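No value in this document is a laboratory result; all are computed from the given coordinates. In this text the structure is predicted, and so the values were computed from the model without any measurement. Cβ placement follows ideal geometry from the backbone for every residue including glycine, while neighbour counts extend to all protein chains displayed.
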Amino acid sequence: MQSREKEEKRQHSTAAIPYSFYECRIPECFMNVPMHWHKEFEINCILQGEGEFICGDDRFVAKEGSLLILPPNMLHAAYPCQNQALVYHALVFHPIMLGVNSNDRSTTECIRPIINGSMKINIPITPETDGYFELKGSVDRIFSYVRGNRPQLDLLMKSELLRLFWLMENNSKLISRKDAGISYSELVRPALEFMMDNFQENISISQLAALSNLSKSYFMGCFKKAVGVGAIEHLTQLRVNAACEALTDTDKTISDVALDCGYSNLSNFNRQFKKITGSTPNEYRRNIKSVR
């Protein structure tokens, strides 16, 4: 049973407003979206460029116009493609928007199987997908209601979310029974949980393998298949992403940021930071301030 305490800590929904909207720009605003999960659904609409997405055990490149609809608790990540900016809108919403607390047959047979993982949504949804333009129109309306940010528009948003799922349910190619095979993302989830909570600490491959109850060599192979990069590279990405946030949102010194993110050696921090972002921490901070 997965830990609920280790999921992404950002609060996406409240009782009053059970959703959040994000405009994501990679690498302009952040370098990538490391592997994570949350208890809400997520809808992504790619507006510009292309990026590599990992959703559960599926790995693909999503381009302009693509739609991604992710169920709660699915491990997912986003990385830019080489020399490509990626801009997409993301809506993260609580299942209560789909009436998940109801016991009627539509919830029991259509919504809960997606939430519990017995059924899966086949993504990405692209302009070549049957019924794409009707699905895209529904998603566009949902985002317009979100941006309107009024209680009355929340009513329309709920109805359009239900209509979107109705459209998918009536397309045999979009929702299918999940394969019963091995899930690499589930095998390494305990290690990912630990890394998200403790990236500032010294973490070894042996330690992560033990947390996942796997041998060291098998763990390394499973991790690479699930996350797309090795465990040490993923750990570095977590640290550098945290450093980017600190450089953007605080006035902490570079050395303090380095220590907070798990680097006791400042030169090593500078080297790893530049390797991933293409700039030094000082340059990154100046560039961010210049566009604000």
| request: Take the alpha carbon gyration tensor of region 84-186, find the square roots of its eigenvalues, order them as a ≥ b ≥ c, and report rounded if a/c is under 1.5; if not, report prolate when a/b exceeds b/c, else oblate. | output: oblate
| remark: Within region 156-219, DSSP-loop trypsin sites (Lys or Arg not before Pro) with at most 13 other C-beta atoms within 10 Å are 173
| note | Rh_Kirkwood(the chain) over Cα pairs, Å, one decimal, evaluates to 20.4 Å
| query | So, in Å, what gap is there between the alpha-carbon centers of region 169-190 and region 214-238? | reply | 20 Å
| task | Please work out whether region 132-171 counts as rounded, prolate or oblate from its C-alpha gyration tensor, where a ≥ b ≥ c are the square roots of the eigenvalues and a/c under 1.5 means rounded, while otherwise a/b larger than b/c means prolate and anything else oblate? | result | oblate
| Stretchable slack from residue 140 to residue 107, in nm (0.36 nm times residue separation minus alpha-carbon distance) | 9.5 nm
| If you stretched the chain out fully between residue 274 and residue 256, how much longer would it get, using 0.36 nm times the residue separation minus the C-alpha to C-alpha distance? | 4.8 nm
